[in-house]
Structures are given as structure tokens and as C-alpha cells.
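Following: one structure in C-alpha cells, then a few remarks.
The values are calculated or read from the model by the stated rules, or taken from the named source; none is laboratory data. Quick caveat: nothing in here was measured; it's all calculated off a predicted structure. A quick note on method: Cβ atoms are made from the backbone with ideal geometry, for glycine too, and the neighbour counts reach across all protein chains shown.
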Amino acid sequence: MDLGDSVTRVATLSDLDRILDVENRAYHPPWSRQQFEDCFNDRYQIEIVFKAHELLAYWVLQPILDELHILNFCVNPDFQQQGYGSGLLKELI
């Protein structure tokens, strides 16, 4: 797993179609568009990771007092089983 050329940034609503594409391939049942829109509207922390212009992963965090609750953590199925999930989770924590 090499995250050297990856870029992490805060997600915006304009990223939602790409997030939903990965979500629909990774989870059964996936979160709905409305669930993600609610998270954007409630100002949850939503970040995305790109590697070579492909969406590698994303997460949705809910801040509560001095904690962050992980509501959704997803690695693109094209990048699964390569150590990205555990590596990103370690960085997140």
C-alpha cells in the first residue's frame, strides 16, 4: 500500500455522484443520496481520498463534543484487499 501520491480533501456536494458510485459498488444496502445530502447539510466531516485521479476512499465523521464518530468509511472496491483501509484508518485515528 502506497499512499504517497494520494490527496485527501474535504468533500463537497459536487463530489456526491462519485461517492455514490463507489458506495453503490461497495455496500449492499448502500447509503442513499438523501443520507449523504443530510450529512452535508448537518455539517458532518466528509473527506475523500484520491489516488491518480480515482476516488480511493471516503469517510463521514460526526463530531460530538471532543470525539469523532465514524458513520461511514469506504474503500473503493477497485482498491480493496491492498491495505488502504487499514492504513487510512490508522491515519484517521
- [ ] Return the total of residues in the stretch 45-93 being of a type in the set (Ser, Thr, Tyr) and modelled with pLDDT of 95 or more.
- [x] 1
Task: Filter pass, Leu56 being under 26 Å from Leu3 (Cα atoms), in contact (Cβ under 8 Å) with a residue 40 or more places away in the chain and either assigned to a loop (DSSP other than H, G, I, E, B) or touching a strand residue (DSSP E or B) at 6+ places or on another chain (Cβ under 6 Å) (or both) - done: yes
Open item on the list: Return the residues of the stretch 48-80 that are in contact with a His (Cβ under 8 Å, 6 or more places away or on another chain) and buried (at least 18 other Cβ atoms within 10 Å of the Cβ); say none if nothing qualifies.
Closed with: Leu61
- [ ] Output the residues belonging to the stretch 22-47 that are outside any loop (DSSP other than H, G, I, E, B), touching a residue at least 24 places away in the same chain (Cβ under 8 Å) and either surrounded by fewer than 13 Cβ atoms within 10 Å (Cβ to Cβ) or aromatic (Phe, Trp, Tyr) (or both).
- [x] Phe36, Glu37, Phe40
Open item on the list: Residue under question is Leu61, and the condition is that it be part of a loop (DSSP other than H, G, I, E, B) and under 18 Å from Ile93 (Cα atoms); does it hold?
Closed with: no
